[in-house]
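The values are calculated or read from the model by the stated rules, or taken from the named source; none is laboratory data. Computed from a prediction, not measured in an experiment: that's the story for all the values here. Reconstructed Cβ throughout: ideal geometry from the backbone, glycine too, with neighbour counts over all protein chains shown. Note: areas computed on protein heavy atoms with side chains; ligands, DNA, RNA excluded. Shrake-Rupley method; radii C 1.70, N 1.55, O 1.52, S 1.80 Å.
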Amino acid sequence: MARPTDPATRLPERHGRVTTLPDRRLTSWGPQRRARLAAVVFWGNLLSQIGIILSGAAVRLTASGLGCSTWPNCKPGQFTPELTMASGIHPFVEFGNRMLTGVLSVFAVALLLVTWRWLSHKGPGFRRLAWVPLIGTALQAMIGAFVVWLDLHPGLVSPHFLISPLLGAVSMVLLVRLYDGDGRMRLAVPARAMRVFVPLAAVGFVVLVLGTIVTGTGPHSGDSGDVTRIALNPMIAARMHALSVYAFCALLAGLLLVLHRARARREAVVAAWWLVVLTLAQGVIGYVQYYLGLPELVVFLHMIGAALFAATIAWVGARLVTWQDAAPGAEPDHGEAPFAHDSTEAR
């Protein structure tokens, strides 16, 4: 007969909207403490993934990219920065960005531990996804080293940025999944909404890619010295970026039309409208920075929007599906069927 503490016999316990498994080593920790700690870890992971984008933007806009001349030390034989009249605050800005990677690593490890100990009932797909923040953070650190060693080469600076929005998107899906159900993933909106969302997400990534190219052709290369920039006319790059934004807006309008006509679930509609607000704000800031000649503060506001952009797209996508079990005898919403091959099955 199996012991009550065996993982196979543990049953999820609910606190609020979060279900966790009892911990056989921390038997005094009830569902309330486990749920609260899980929320702190998952929220902390998302916010730190967004935060490192902003700290990286600060490095670039203050021309602090080579404030630390080597890696992992700030200077040869010296791990921490040193304040001098010649270098000013640049080494501290760059070193602060590096230290935030340590914070990311702590949250990524904690997220993985919480998932495997308390949230394994959410299925193998969820457990595999929980590895992504840790693997992505390690990859970011490796690329960051080469960025410094190769004097901010744009061929590495752009991928170094683009990994972070993707990690933010994954972190958002994990957060939504934490509060959702523990069953199989199934569509919660008409299938045609997902058919609009998939190209919308792809075009959204293109928007981010072209945005990094625009930055790579402009004055904010990350260092005040002679740094290689992307060999493309900034005007052409900006127009390509604008065209991708127009395509994204058209797809977003189509998604909203589908959701409203189908009277889709409130969570999906709310997330989509927040994406509209963010996209419009980004567009306004983008044109302002263009006509004002890319002032640092306005560019930083645009970077805040970029940090939220991918995460908000992921939020919309996560709300088009649900992991909640359908009510017994209830008709499937809008006639959609569960996904045929679902790796997130809880049991």
Checklist entry - How many percent of the accessible area of the chain is carbon or sulfur, using a 1.4 Å probe? => result 69
Item to check | Positive-end residue of 279, 58, 28, charge dipole of the chain with Cβ unit charges | outcome: 28
Next on the checklist: Nothing charged except the Cβ atoms of Lys and Arg (+1) and of Asp and Glu (-1): what's the magnitude of the dipole of the chain about its Cα centre? Round to the nearest 20 debye.
Outcome noted: 1060
Checklist entry - Cysteines of the chain lacking any other cysteine beta carbon under 4.7 Å? => result 249
Checklist entry - Residue by residue, what Karplus-based ³J(HN,Hα) values in Hz, rounded to whole numbers, does segment 263-273 have, using 6.51, -1.76 and 1.60 with θ = phi - 60° and x for Gly and Pro? => result 6, 5, 4, 4, 4, 5, 5, 4, 4, 5, 5
Checklist entry - On average, how much area does the Cα convex hull of the chain cover when viewed from any direction, in nm²? => result 20.9
Item to check | the chain, relative contact order in percent, only Cα pairs under 8 angstrom and at least six apart counted | outcome: 24
Item to check | segment 242-277 versus segment 75-130: alpha-carbon centroid distance in Å | outcome: 33
Checklist entry - Can you put 235, 142 in order of accessible area, largest first, using a 1.4 Å probe? => result 142, 235
Next on the checklist: List the trypsin sites (Lys or Arg not before Pro) within segment 25-54 that DSSP assigns to loop and that have no more than 12 neighbouring Cβ atoms inside 10 Å.
Outcome noted: 25
Item to check | Per-residue ³J(HN,Hα) for segment 46-63, Karplus 6.51 cos²θ - 1.76 cosθ + 1.60, θ = phi - 60°, Hz, x for Gly and Pro | outcome: 5, 5, 6, 5, 6, x, 6, 5, 6, 5, x, 5, 4, 4, 5, 6, 9, 6
Next on the checklist: How tilted is helix 296-319 with respect to the longest principal axis of the chain? Cα atoms for both, answer in degrees (0 to 90, nearest 10).
Outcome noted: 20
Checklist entry - In a GNM of the chain with a 10 Å cut-off on Cα contacts, which of 59, 288, 148 has the highest mean-square fluctuation? => result 288
Checklist outcome for this item: For the chain, dividing by residue count, accessible area per residue (probe 1.4 Å) in Å² works out to 50
Checklist outcome for this item: The relative contact order of segment 13-124, taking Cα pairs under 8 Å that sit 6 or more residues apart, comes to a percentage of 31
Next on the checklist: Just to check I understand the Karplus step: with θ = phi - 60° and J = 6.51 cos²θ - 1.76 cosθ + 1.60, what whole-Hz values come out for segment 202-213, glycine and proline as x?
Outcome noted: 5, 5, x, 5, 4, 4, 5, 4, 5, x, 5, 5
Checklist entry - Between exposed chymotrypsin sites (Phe, Trp or Tyr not before Pro) in the chain, where DSSP calls loop and at most 15 other Cβ atoms lie within 10 Å, what's the longest gap? => result 132-338
